[in-house]
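Report on one structure; see the data block that follows.
Throughout, read-outs are computed from the coordinates displayed, never taken from laboratory work. Just so it is clear, the model here is predicted, and its values are computed rather than measured. All Cβ positions, even for glycine, are placed from backbone atoms using ideal geometry, and neighbour counts span all protein chains on display.
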Amino acid sequence: MEEKHILYVQTSHDPERQYSPLVLAQTAKAMDIKATVYYLGTALRILKPGEAEKIKLGDFPSVKEMIDKTLNMGIEILVCEASKRMLGWEKAELIPGIKIVGAATLNDLVLDADATQWF
């Protein structure tokens with residue numbers, strides 16, 4: 001039986017929208033479903049060192065703790081190279097463990113995934 005794959009795409013740096021893709025990706029992994037999280041557009045702002053630590057809503061851990069847990073679970077977090085350039089970042093220092101990929105990667109992931117969710 002082929003492994004299922006869900007792609008979670010984060011498009012916003014709005015603090016209230018940061019938790020859903022991470023929680024859902026972690027849940028998918030716990031369900032033995034492959035999960036990938038892809039950040040594009042202004043969402044990249046959250047991935048600069050020090051930014052995700054500033055976001056903690058309710059009794060949830062900080063977004064940085066959620067990102068770390070996601071990566072530690074073996075869930076790949078990808079960042080759009082074109083979005084990095086759109087934000088004017090020639091060189092971007094991002095949270096360790098996050099991989100910068102080309103825009104075509106998102107198209108490939110969407111075509112290959114069994115489901116996609118956009119935030």
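At the listed q of 0.22 Å⁻¹, the Debye profile of segment 5-118, built from one uniform point per Cα, gives log10 I(q)/I(0) equal to -1.31.
Straight Cα distances below 16 angstrom link LYS4 to the aspartates and glutamates ASP32, GLU76, ASP108, ASP112, ASP114, with same-chain residues fewer than 8 positions distant left out. For the options LEU87, LEU106, LEU71, a Gaussian network treatment of the chain with springs between C-alpha atoms closer than 10 Å singles out LEU87 as fluctuating the most.
Pairs of lysines in segment 5-118 whose Cα atoms sit within less than 22 Å of one another amount to 24, provided the residues are eight or more positions apart or on different chains. One chain, two ends: GLU53 and VAL110. Fully extended at 0.36 nm per residue, the span grows by 17.6 nm beyond their Cα-Cα distance. Given their separation in residues at 0.36 nm each and the Cα-Cα distance between them, TRP89 and ARG45 gain 14.8 nm when the chain is fully extended. Within segment 29-119, the trypsin sites (Lys or Arg not before Pro) that combine a DSSP coil assignment with at most 14 other C-beta atoms in a 10 angstrom radius are LYS91.
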